[in-house]
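Worksheet: one structure, shown below.
Bear in mind that the values in this text are calculations on the coordinates, not laboratory data. As the structure is a computational prediction, the values presented were derived from the model and not from experiment. Note that each Cβ is placed from the backbone with ideal geometry, even for glycine, and that neighbours are counted across all protein chains shown.
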Amino acid sequence: MVKSLSEDLRWRIIYCQAEGFTQNEIAKRMYVSEATVNKVCRIFKKWGCVKDPFICRVGRRKIFTTQDMSVRNLDGYSFVIYYFIIII
């Protein structure tokens with residue numbers, strides 16, 4: 001899995017662009033590729049922020065959280081109930 005850039009580094013790229021650096025200079029200064037700098041600048045130009053607001057989490061959405069599965073006993077102790085669904 002590829003590591004994503006931190007939001008701080010993305011904002012640094014935008015600040016460097018505002019100061020007049022070229023994308024090649026920014027890429028060398030921040031130790032990232034020119035394609036990454038281009039992508040961050042394009043997202044900022046389109047949306048006004050450094051992260052695309054329509055990118056969602058990848059994967060299946062969880063139905064139950066650990067809080068949903070935690071049940072309190074009358075004595076005050078909590079335990080977790082695990083649900084197993086078998087699809088035939």
Label-point gap, in nm, between residue 58 and residue 28 - each point 7 angstrom along Cα→Cβ: 3.2
Compactness of segment 1-59 - radius of gyration and Dmax, Cα, Å: 11.6, 39
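If you filter segment 1-56 for GluC sites (Glu not before Pro), then keep DSSP loop positions with at most 10 other Cβ within 10 Å, what is left? Don't jump to the answer; show the numbers that get you there.
On the way: sites: 7, 19, 25, 34; in loops: 19.
Passing both the DSSP loop test and the Cβ count: 19.
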Relative contact order of segment 7-47, pairs being alpha-carbon contacts under 8 Å that are 6 or more residues apart, as %: 39
Net lengthening on full extension, residue 6/residue 51 (0.36 nm per residue, minus Cα-Cα): 15.2 nm
